[in-house]
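Please treat every number below as a calculation from the coordinates, not as lab data. Predicted model, so just to flag it, every value in this text is computed and none were measured. Virtual Cβ from ideal backbone geometry, glycine too; neighbours counted across all protein chains shown.
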Amino acid sequence: MQIETTWWITAVEAPIVAALFYMIHGLRRDLQDRIERSDQRESDVVTRTRDELAEFKLEVARAYVPLSLIRDVDRRLSQHLLRIEEKLEEVKRGGFGSPRGRGVVGEDVS
């Protein structure tokens, strides 16, 4: 009794190939589910870490920076801004010449 090639393909190889494709599809679906769960866990961890960092920064700002230092920085910053404002007023009045005549970078000359 001789087994024909087509019978061999239909009876044995076709179901094996179909089973392999089904297994590969299942593995791919399982891998995709694992990736999605991992992404969700990482997203949750990043969110939690970001929140904890924000709380820590707030605690550091409250506990470790003396109020006198904050006031000093605020005073110096205000003084510097006032000096800048005075210089801008002088430029507006023409004390240093017009900005166009001096060729200010980034300004249209036309």
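Loop-only check: which chymotrypsin sites (Phe, Trp or Tyr not before Pro) in the range 1-88 are DSSP coil with at most 15 other Cβ within 10 angstrom?
Sites meeting the loop and neighbour criteria: Tyr64.
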* Add +1 for every Lys or Arg and -1 for every Asp or Glu among the other residues with Cβ under 15 Å from the Cβ of Asp44, and state the total. => -1
* Treating only the Cβ atoms of Lys and Arg (+1) and Asp and Glu (-1) as charged, compute the dipole magnitude of the range 29-80 about its Cα centre; round to the nearest 20 debye. => 320
* Structure fact -> For the pair Arg93 and Val17, the simple spin-label estimate (label points 7 Å beyond Cα toward Cβ) gives in nm 9.2
* Label-point gap, in nm, between Val65 and Arg50 - each point 7 angstrom along Cα→Cβ -> 2.2
